Amino acid sequence: MNSPVPSSDFNRRDFVKAGSLATMMAALGGIPIQAEDAKTPPAGTLAVPKADPNFKEKPVGPPVKMGLIGLGAQGRDIITQLGRLPNAPLVGICDHYKASIKRAAEAAPAAKIYDDYKALLDDKDVQAVVIATPTHLHKEIALAALAAGKNVYLEAPMAGSIDDARTIAKAAAALPAKQIFQVGHAFRANPQHHHVLKFFRTGACGHTASARAQFNKKQSWRRASPNPEREKALNWRLFRETSLGLAGEIGVHAIDTVSWYLDALPVSITGFGGILQWQDGREVEDTVHAVVEYPGGVRMHYSATLASSFEGEHQIFHGSDAAILIRDNRGWMFKEVDAPLLGWEVYARKDDFLSDSGIALVANATKILAQGKKPAEAASDTDSPLKYALEKFVEHVNEGTKPDCGWKEGFEATVTAVKTNEAISTNGKVTLDKALFTV
């Protein structure tokens, strides 16, 4: 994910590159406001949080020796993010494809190399494993890793079918308390989402009317190889037998976030889509839309396309008093003119664009201020959601604590993803009975 630039660096080139309200708002920056910052300042001044001289970062726990299974693009990103953690040494890497192993070995020279995941799982030196294989291969590897006593971080979605995901969930539910199983819904570990959730859950947006999320990125998803068998394996996302499509492989994160914020599970999904850009023999749609309905009539509209990058990726919650926009690691609240005053927002930094005015919501303000930085200017220094998720995983392993996204949350998100893809592929509506979410 690209981080926004500070407002002082905003220029015509950045404006043209932004291409949307969300991106421009990100470039403008802002001062973080929290409910506890609502103390009335002297007349004519701005309520800027003060650095806490007693602030101390949480001590880093002991090293957790990591293994990684699956060395494709996501696996290589995981290697990069683990390298940024001081207590997550990568001691083993595994893939059956030699070229992938070679690239990964260059990035993780201290790690042992395996071409069979079972051999990695037999390594007593490996305490925890990250599984980053294609979705349809998750079940066998995850079950073996859990049976081997490893702590497991499993990329989302959990599996390519509800039955496979339920099997994994049952195995994870039976684990000893201190054996950790975390599903890779990185938004649930992201401080920005937790920060915004506080505003949402305390009713700052009023009555929730709807939600919207999108993923727009012009790319084919197709990868080339001189070996036909390898090319088919590389392009697993393009075929129904091995892929949950845009909604299941990408949208699963955004849809899960809405379910998390609403604290509810969907009751029905209506979807449609088509292959509108990449006429290359693929089976999975390159442009999709889905309407996900929750109890009480609240609906989320999810859209994604591989034909255009305009407006990128973001999530919006529409409330009767305010809307919240989340993009990358930034968030803004847009209040209605008739919304009641909560006190703190009177002094908040507001970024204007045309007729909209957004209050910047920035997480980790205390930490940023303690480092002697201004939150708006530190926005480009924020970490990726993946790094936060892996960091929390290591913390849970060390402390034996429950992850924000364990087997239950991961399974429910997978059920929703599978059913969303089903609705899209049939251009129809599916109903989700509560029993469907039962393990």
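The values are calculated or read from the model by the stated rules, or taken from the named source; none is laboratory data. The structure displayed is predicted, hence computed values, not measured ones. Please note: Cβ atoms are built from the backbone with ideal geometry, for glycine as well, and neighbour counts cover all protein chains shown.
Taken over segment 199-231, residues that are over 20 Å from the mean Cα position of the chain (by Cα) and either β-branched (Val, Ile, Thr) or over 26 Å from Ser309 (Cα atoms) (or both) amount to 13. Within the set Leu90, Leu120, the sole residue that is at pLDDT 95 or above, over 25 Å from the mean Cα position of the chain (by Cα), buried (at least 23 other Cβ atoms within 10 Å of the Cβ) and outside the structural domain of Leu234 (by TED's automatic domain parsing) turns out to be Leu120. Kindly indicate whether Phe181 is buried (at least 17 other Cβ atoms within 10 Å of the Cβ) and farther than 20 Å from Ala145 by Cβ. No.
Of everything in segment 286-327, what is charged (D, E, K, R) and either assigned to a strand (DSSP E or B) or at negative phi (or both)? Give them in sequence order. If the condition is that a residue be charged (D, E, K, R) and either assigned to a strand (DSSP E or B) or at negative phi (or both), then Asp286, Glu293, Arg299, Glu313, Asp321, Arg327 are the ones that fit. Looking only at segment 246-279, residues that are touching a Leu at 6+ places or on another chain (Cβ under 8 Å) and over 20 Å from Phe187 (Cβ atoms) come to 5 in all. Note on segment 403-434: residues that are on the phi < 0 side of the Ramachandran plot and assigned to a loop (DSSP other than H, G, I, E, B) amount to 7.
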